[in-house]
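Presented below is the structure to which this report refers.
The values are calculated or read from the model by the stated rules, or taken from the named source; none is laboratory data. Just so it is clear, the model here is predicted, and its values are computed rather than measured. Here the Cβ is made from the backbone with ideal geometry for all residues, glycine too, and neighbour counts use every protein chain on show. With ligands, DNA and RNA removed, areas are computed over all heavy atoms of the protein, side chains included. Shrake-Rupley method; radii C 1.70, N 1.55, O 1.52, S 1.80 Å.
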Amino acid sequence: MPPGHQMATGNVNSFNVSTNHNYIVNFVTEIDTEEHQILQWLSPLEPQRRHQDVRTGRLDSIGNWALETDKFKEWSDREDGCAETLLFCCGSPGVGKTYLR
Amino acid sequence: MIDRLCDRAGGKDIAVVGLYCDFLAQQEQSTANMLGAILKQLASRGSILKDIQVAFQKARKEYGGRGLQPSDLVEIIKKAIKSLSRVFICIDALDECTPQHRQELLQSLREIVRVSRNIRIFLTGRPHIENEIMKSFGKVVRIPLSPARGDIESYLKMRLSRDTDPYAMDDELRADIMRVILERTSEM
């Protein structure tokens, strides 16, 4: 058995959570169903977890002005296929791009 | 953003998919893993899980379950999207993944968008990646974001009200903090 594998089996039923937000290494529980296995196989990234953190630290009114612009409304609401596909919200680090609600 | 779109979608045939990029996780954020994370969020819908299951069983027999290639993932995502009236894909901090992965991800998204008009993509990042986005998509609608004074004020008030050491705080200190931070940020 390769050493890497041994280490993994030694960790069964433990919660190995790494420090970064998207990545849960080895989330083994008794409810490790096939569906769960398949989803893990698709990607180890867990954006929903990061999303929970973002929600918790957010003040909902912030940046509303940006999402009330015509550009945004057209992008999100227009259904006739003529709207632009891609919206790019840009700004320096820390201006609150992640925390738009 | 994701919550706003989800609230509006309210059970309709609309999917909202999110992805967060992070400097600290560049290695795990390969193109395949990012596309996989997008597909994962679409997998709970419709019959697409069956297709993924088949691919999974097949991969298991070949070389101990190797992962799907980006091109395979793109094909399954295209299929998953067909049954939906609208799909919003929101990717935060695209500037934080490696240039190579970013390029591949943008190309894959472009490929997905090509087959369907019901997709909307929302990207955030620092302004310098706009050229790369242009290269893949040709056209970009841009919303430049800068902190509005009112936003900073309300955020500061919220943070001060959550201060964990209320005895060290008084009205004067609170006013000082507000004043100094607002002064500094207006110089940004």
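On the beta carbon distance between B:Asp51 and B:Ala9, with R0 = 30 Å, the FRET formula returns roughly 0.80. Here the Karplus relation 6.51 cos²θ - 1.76 cosθ + 1.60, evaluated at θ = phi - 60°, turns the backbone of the range B:122-127 into coupling constants of 10, 10, 10, x, 6, x Hz, with x for every Gly and Pro. Between B:Lys82 and B:Val180, the contour length at 0.36 nm per residue exceeds the Cα-Cα span by 30.0 nm.
Bridgeable lysines around B:Lys82 (alpha carbons under 28 Å apart, same-chain partners fewer than 8 residues away excluded): A:Lys71, A:Lys73, B:Lys12, B:Lys40, B:Lys50, B:Lys58, B:Lys135, B:Lys139.
Principal-axis analysis of the Cα atoms of chain B puts helix B:31-42 at an angle of about 90° to the longest axis. The orientation-averaged projected area of the convex hull spanned by the Cα atoms of the range B:96-188 comes to 9.2 nm². Build a GNM of chain B with springs between Cα atoms under 10 Å apart, and of B:Leu94, B:Leu35, B:Leu68 the one that fluctuates most is B:Leu68.
The B-A contact accounts for approximately 5900 Å² of buried accessible area, totalled over both chains at a 1.4 Å probe radius. Averaged over peptide B:120-131, the number of partner chain Cβ atoms lying within 10 Å of each residue's Cβ comes to 5.
Magnitude of the charge dipole for the range B:1-141, about its Cα centre and with charges confined to Cβ atoms of Lys, Arg (+1) and Asp, Glu (-1), is about 700 debye.
The modelled label-to-label distance for the pair B:Gln103/A:Ala83, using points 7 Å beyond Cα in the direction of Cβ, is 3.2 nm. Under 1.5 on a/c is rounded, so check that first for the range B:26-100, then, if it is not, pick prolate when a/b is larger than b/c and oblate when it is not; a ≥ b ≥ c are the square roots of the alpha carbon gyration tensor eigenvalues. Taking the square roots of the gyration eigenvalues as a ≥ b ≥ c, the range B:26-100 is oblate.
Put a dot 7 Å past the Cα of B:Ala148, heading toward its Cβ, do the same for B:Lys135, and the two dots end up 3.5 nm apart. Report, ordered by chain and residue number, the aspartates and glutamates lying within cross-link reach of A:Lys97, taken as a straight Cα distance under 16 Å and ignoring same-chain residues fewer than 8 apart. Answer for A:Lys97, where 16 Å is the Cα cut-off: A:Asp53, A:Asp60, A:Glu68, B:Asp3, B:Asp22, B:Asp92, B:Asp95, B:Glu96, B:Glu130, B:Asp151, listed by chain and number. Per-residue mean of foreign Cβ neighbours for B:109-118 is 2 (Cβ atoms of other chains, 10 Å radius). DSSP loop GluC sites (Glu not before Pro) in the range B:105-188 with at most 10 other Cβ atoms within 10 Å of their Cβ, which ones? Qualifying residues, ordered by number: B:Glu187. Compared with the dominant Cα axis of chain B, that is its longest principal axis, helix B:70-82 is turned about 80°. How much of the calculated P(r) for the range A:36-85 lies past 18 Å, in percent of all Cα pairs? The proportion of pairs with Cα distances above 18 Å equals 61 percent. Each 10 Å bin from zero holds the following percent of Cα-Cα pairs in the range B:1-143: 11, 41, 36, 12, 1.
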